[in-house]
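The values are calculated or read from the model by the stated rules, or taken from the named source; none is laboratory data. All of these numbers come straight from a predicted model, not from anything done at the bench. As a convention, Cβ positions derive from the backbone with ideal geometry for all residues, glycine included, and neighbour counts pool all protein chains shown.
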Amino acid sequence: MPLPKAELHLHIEGTLEPELAFTLAARNGVELPFKDTEELRRAYLFEDLQSFLDLYYGLMAVLHTVRDFHDLADAYLARAAEQGVRHAEIFFDPQAHTARGVPIGTVIEGLGRALDASEERHGISTRLIMCFLRDESAESALATLESAKPYLNRITAVGLDSAEVGHPPSKFREVYEAAGALGLRKVAHAGEEGPPSYIHEALDVLGVERIDHGLRCVEDQELVARLVRERVPLTLCPLSNVRLRAIDTLEDHPLREMMDAGLLCTVNSDDPAYFGGYVGDTFHAVREALGLDEERLRELARNSFEASFLDDDEERRAGLLAEVAAYDFATELPE
Ligand code: ADE
Ligand code: ZN
């Protein structure tokens, strides 16, 4: 039995495996600029965040119908369940779809159907986080929030993603204020490629409760002290950091030092179809590369539930935390 864990940093569009991309392309009559899945996989060599985003947005051309979004989310949940995920807080990028003429209602309806069935089908409770694309305008983010109003019962939080450098959190002050007034929780990507000052801004200007990535906080010791003091969770994505060249190798990842410093770290997969592994694979990889012992892995699993938006279901959170506390690593399946 795998270690029970929550996944808090997962872009549903980043779970689009090459096989499903080709299935959906055939279903929707979309021609992909790749001969087959192998040629597509060979394109997964990235220089930086932008070079990944170009492929990631391009491949979304295969997603059209309620059924497509359902199938995408259901495939992710099935794989996540195999790797011990018991709770998932899932990002989606509505603007990447509405810009192609796919209505936001189609996206949310499709994802929502898969999420509604998830607890029974896969044993995974879920929350949905709507992200604004930070390289689009603040007005576009506001229009996106407006268009999501009929579906707010399905959305727990707002987030901020896409190309970071040059698009500081403060650009989105107004839409975060409006989202807060609607009762939505707040997270934002910050400090993935952008400077530590973006992390300060996400906290001070947007009022976020978690920082997605936050990797570059290690460059600012006062910021680290603040994140520790205020118990701000970081949703780290080590495999993503290597693939997008934020760090050279997994052995260089500062996760262990960050945990030693008292930061509330979680480990996540970001875009698993592109970065070489789902969250269980990620736990395994950091364990090997950084020599994390069982208690460190247990701490990461505990953190994932503590940092989750399960505040409206404390009974489930307590049950999952008890499972983590009682987990016997001897029951883990061998590789
Ligand atoms: N969208 C999907 N993955 C992302 C990442 N790693 N950073 C920013 N935006 C993203
Ligand atoms: Zn991300």
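General remarks:
- Criterion violated by residue 248 - all others in (1) away from ligand 1 (no atom under 16 Å from the Cβ); (2) in a helix (DSSP H, G or I); (3) under 19 Å from residue 48 (Cβ atoms); (4) of a type outside the set (Gly, Ala, Ser) satisfied: (2)
- The number of residues in region 39-48 being assigned to a helix (DSSP H, G or I) and free of Cβ contacts under 8 Å to residues at least 12 places away in the same chain comes to 2.
- Whenever a residue of region 198-213 is on the phi > 0 side of the Ramachandran plot, its partners that are surrounded by 24 or more Cβ atoms within 10 Å (Cβ to Cβ) and among the small types (Gly, Ala, Ser), lying with C-beta atoms within less than 7 angstrom and at least six residues away or across chains, give the pairs 213/190; 213/191.
- Residues of region 267-308 that are within 16 Å of ligand 2 (Cβ to nearest atom), crowded, with 18+ Cβ neighbours inside 10 Å and not in a helix (DSSP H, G or I): 267, 268, 269, 270, 271, 277, 278, 307.
- Among (1) surrounded by 19 or more Cβ atoms within 10 Å (Cβ to Cβ); (2) out of contact with any Pro (no Cβ under 8 Å at 6 or more places or on another chain) - the single one residue 325 does not satisfy: (1)
- Members of region 210-239 that are more than 16 Å from ligand 2 (Cβ to nearest atom), in a loop (DSSP other than H, G, I, E, B) and closer than 25 Å to residue 283 by Cα: 231, 232
- Of the residues examined, residue 27 is not one that is touching a Pro at 6+ places or on another chain (Cβ under 8 Å), away from ligand 1 (no atom under 15 Å from the Cβ), at pLDDT 95 or above and part of a helix (DSSP H, G or I).
- The C-beta contact set for region 52-77 (first residue touching a residue at least 12 places away in the same chain (Cβ under 8 Å) and within 25 Å of residue 192 (Cβ to Cβ), second residue within 16 Å of ligand 2 (Cβ to nearest atom) and among the small types (Gly, Ala, Ser), distance under 6 angstrom, 6+ apart or interchain) comprises 57/96; 60/96.
- Every residue from region 242-266 that is surrounded by 19 or more Cβ atoms within 10 Å (Cβ to Cβ), within 16 Å of ligand 2 (Cβ to nearest atom) and in contact (Cβ under 8 Å) with a residue 40 or more places away in the chain: 243, 244, 246, 266
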